[in-house]
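> Submitted below is the structure of interest, expressed as structure tokens.
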Amino acid sequence: MGNTSSVPERIYKAARANDVSELQGLCRDMRLNGALDVATKRKWLNWTDAEGRTALHHACQRNYLQVAQMLLDEGADVHLIAPKRAGGGSPLAEAVAGKHEGLVELLLRYGADPFTENKAGKAPLDLALELKAANILRSFERHALFAGYVNMKVLQLKGFSHAAKDRWVVVAPRFSPPSEGSGGVGIVRIMMLVYRNAAEAEPRTKCWLDGASIFRAGQEAVLRLHANHEQPRNAFTKDCASLIQPNSPCPMCRQPIERIIGVY
């Protein structure tokens, strides 16, 4: 009895079973099928199950590196997010959840974005932070807006003293969920993470930078946060009006806005 499954289902099943031989044959047949247009081929590769997961999702979850490579080479959608996977939903999130570092690198090379949120507002970066996956975080940071050491005021003795020390700082965008066939749609927020060094996986401080500004006060560069943003954990803030002469309004915002002056 022959296989009664459709070609898209056979691709999905072969990937889920890590059946490299079957998948190679199906991919070869697609390439040789001159009547198969690009849109149909894309639809076959991105056939979804009841959870909205594709063959690529399952390959990434199970760490099937060769299968994932084949699917990506054929044009599988690296951006597609399964709507019923609240913890992540993208192929990249599936790879992060299993700490499959090789697959993470592969997906990043094919354009996967670690800063794109799912419908629940969760990005692969968030998952990597939860899992304290240091190597994956460093891979993600290569695609951030900024990643490097910054000489910062570090508070000591519960804030009664401070010293200037280098801290590993990452500034990362946040993208809204993707539309079909593309990455995230527009930066919705910007996050700053401060680590003791580039080997750590748990930031000392996280804060939102959208609406923030920077200006110099003497030899210091001062980061001023938007007034509506929450107080960053393990950070010390002051009213920006304290930086200038008493009773004078802030020359930039004309009103008190918090600023980070140091981290613990």
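> Loop only by DSSP, 14 or fewer other Cβ within 10 Å of the Cβ. Give me the trypsin sites (Lys or Arg not before Pro) in region 122-163 that pass, ordered by residue number.
Taking region 122-163 and a limit of 14 other Cβ atoms within 10 Å, the loop trypsin sites (Lys or Arg not before Pro) found are Lys132, Arg142.
> Pop a pseudo-label 7 angstrom from the Cα along the beta-carbon direction at both Arg42 and Glu9 and give the gap in nm to one decimal.
Here the answer is 2.5 nm between the modelled labels.
> Can you tell me how much longer the chain between Val20 and Ile214 gets when fully stretched, taken as 0.36 nm per residue apart minus their C-alpha distance, in nm with one decimal?
64.5 nm is the gain from fully extending Val20 to Ile214.
> Still on this structure, I have one more. If each residue of separation counts as 0.36 nm, what is the full-extension length gain between Val222 and Ala120 once their alpha-carbon separation is subtracted?
33.4 nm
> Please identify the GluC sites (Glu not before Pro) of region 21-129 that satisfy two criteria: DSSP loop assignment and at most 15 other Cβ atoms within 10 Å. Which are they?
Glu51
> Further question: Can you give me the Cα centroid spacing of region 136-150 and region 84-115 in angstrom?
First find each Cα centre; the distance between them is then 16 Å.
> In terms of the Cα gyration tensor, with a ≥ b ≥ c the square roots of its eigenvalues, is region 109-176 rounded because a/c is under 1.5, prolate because a/b exceeds b/c, or oblate?
Prolate.
> Put a dot 7 Å past each Cα toward the Cβ at Leu32 and Gln231; how far apart are the dots in nm?
6.9 nm
Since every read-out is calculated from the coordinates, none of them should be taken as a lab result. What you see is a predicted model, and the numbers here were worked out from it, not measured in a lab. So basically every Cβ, Gly included, is an ideal-geometry build from the backbone, and we count neighbours across all protein chains shown.
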